[in-house]
1. Give me the helices (runs of 4 or more DSSP H) completely within region 3-75, filtered to those with at least 2 residues that are in contact (Cβ under 8 Å) with a residue 24 or more places away in the chain and open to solvent by less than 60 Å² (accessible area, probe 1.4 Å), ordered by residue number.
2. For region 84-91, indicate whether the set of residues that are in a helix (DSSP H, G or I) and in the same structural domain as Q39 (by TED's automatic domain parsing) is non-empty.
3. Being touching a residue at least 12 places away in the same chain (Cβ under 8 Å) and touching a Pro at 6+ places or on another chain (Cβ under 6 Å) narrows it down to one residue among A87, A116, A93; which is it?
4. Is there any pair linking a residue in region 148-168 that is without any contact (Cβ under 8 Å) to a residue 12 or more places away in the chain to one that is open to solvent by 90 Å² or more (accessible area, probe 1.4 Å), with Cβ under 7 Å and at least six apart or on different chains, and which?
5. Suppose the filter is touching a residue at least 12 places away in the same chain (Cβ under 8 Å), assigned by TED's automatic domain parsing to the domain that holds V241 and touching a His at 6+ places or on another chain (Cβ under 8 Å); does A334 pass it?
Amino acid sequence: MPTNPNAGPRILLALTGGIAAYKSAELARRFVKAGCDVQVVMTASAQRFIGAQTFQALTGKPVRASLWDEAAEAAMGHIELARWPDAIVIAPATANTLAKITHGLADDLLTTLVLATDKLIFVAPAMNRLMWANAATQANMATLRARGVRVIGPGSGEQACGEVGEGRVAEPEDVAKAVLGALARSTASPAIDGPLSGRRAVVTAGPTREPIDPVRFITNRSSGKQGYAVAAALRALGAQVTLVSGPVNLPTPAGVTRVDCETALDMLDATQAACATADLLVGTAAVADYRCVEIASQKIKKQRDTLELQLVKNADILTEVRAAQPQLFIVGFAAETERLAEHARGKLVRKKLDLIAANWVGDGRAFDRDDNQLTVYWAEGEQAIGPADKADIARQLAALIAERLLAAPRAPAAARRPARKRTP
Ligand code: CTP
């Protein structure tokens, strides 16, 4: 089910008839995990390859498949449906559907929607290598590109028909990245003039929830207040901010893009995706260090006097992101109940951070309250911030982050981007 159906972009995911249709289940899952509201549309041929039920379960919405479905049309007519999404993503897109949309045909629900929309359209072609190389297909693709349709892939390699060549559908991970990246750029909030203008920041915030069974989970006392305040303060300094948030009860700060997640693994995925185009990561989240080895599929009954849960360590998000991105400016937090400076400096070195903001926790300090007090450490120095309310602490911390980031000899991610490997 979507974690937050109203916060993320709306995506109309359309499947056409090809063996690669099974990969779109993973694509739907990725969109939902990234906080998108997803509506799936299938052509009649797509339904011969994969069942509509799969997508209904993944998105929480019945699949739309026909122009003549009276109940679905009464709930949302096809013209309304064409205007509903932020993007239409056709994956896999067969040669036939690509030809039809090139020529403006509207003989089924999908082609009608494409003709009736003014939203971004992405296609992930999937076909035999000779069909892809055919002059007719190539001319169609040139026309679609010229009209602004974004083409993702295809890749090259072994094909379902046994041949080897170009025409394999792009991997779900690459399609999701291309779509979400383009949407983030097109919906970016208006620029604010400040020291972080033109910089992209990612902030993790709140607790994570690690499920035990369908009704129970392990979590912690984090309210997300400090992280949300940091996101707002970075935004006020001009940064474009993505807030990767665990379950909290807080409004999204104005101008900030929020991605909701639940478990530490979800948060890792969302943070890695958001950091791919970022300059700065601030890890304020209280990520669960461990998760259950097995999640019971049914509610655990209280039959025994004792209950043992076996836990396994979660990956450290900051460490994983650092390994992938040596250039990123990373700020960690350290929540400590003893030996604050020693533990914080240990984490600064171990996690290869640029700054670490340490605070005392326990005995009613920091967690789930409105005020806080920090000591920020970096290789050559330290600075105390507060005590003050969390918004004030966040403003002082954001100013220090901006100062240290701008002192470091790094080009903004936007300027570095052309040198990076891009999704085709
Ligand atoms: N952190 C993370 N991923 C984890 C655990 C922590 O990214 N799986 C980040 C937190 O967001 C914070 C920093 O690492 O910025 C330190 O978190 P903290 O809970 O203080 O320390 P841990 O690394 O979990 O170590 P310990 O629990 O042993 O103190």
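1. Working: elements: 23-33, 52-59, 70-75.
Per the criteria, 23-33, 52-59.
2. Start the filter on region 84-91 by keeping residues that are in a helix (DSSP H, G or I), which leaves none.
No: region 84-91 contains no residue that is in a helix (DSSP H, G or I) and in the same structural domain as Q39 (by TED's automatic domain parsing).
3. Details: A87 fails: touching a Pro at 6+ places or on another chain (Cβ under 6 Å); A116 fails: touching a Pro at 6+ places or on another chain (Cβ under 6 Å).
None of the other options fit; the residue is A93.
4. Qualifying pairs under 7 Å: G157/V164; E158/V164.
5. Working: touching a residue at least 12 places away in the same chain (Cβ under 8 Å): yes; assigned by TED's automatic domain parsing to the domain that holds V241: yes; touching a His at 6+ places or on another chain (Cβ under 8 Å): yes.
Against the criterion (touching a residue at least 12 places away in the same chain (Cβ under 8 Å), assigned by TED's automatic domain parsing to the domain that holds V241 and touching a His at 6+ places or on another chain (Cβ under 8 Å)), A334 qualifies.
Yes or no, residue by residue, for (1) in the same structural domain as A95 (by TED's automatic domain parsing); (2) modelled with pLDDT of 90 or more; (3) in contact with an Asp or Glu (Cβ under 8 Å, 6 or more places away or on another chain):
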position: N128; (1), (2), (3): yes, yes, yes
position: M141; (1), (2), (3): yes, yes, no
position: R145; (1), (2), (3): yes, no, no
position: V151; (1), (2), (3): yes, yes, no
position: C161; (1), (2), (3): yes, no, no
position: D174; (1), (2), (3): yes, yes, no
position: V215; (1), (2), (3): no, yes, no
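The values are calculated or read from the model by the stated rules, or taken from the named source; none is laboratory data. Everything numeric here is computed off the predicted structure, so don't read it as measured data. Heads up, the Cβs are rebuilt from the backbone with ideal geometry, glycines too, and the neighbour counts pull from every protein chain shown. Heavy atoms of the whole protein, side chains included, go into the accessibility calculation; ligands, DNA and RNA do not. Shrake-Rupley method; radii C 1.70, N 1.55, O 1.52, S 1.80 Å.
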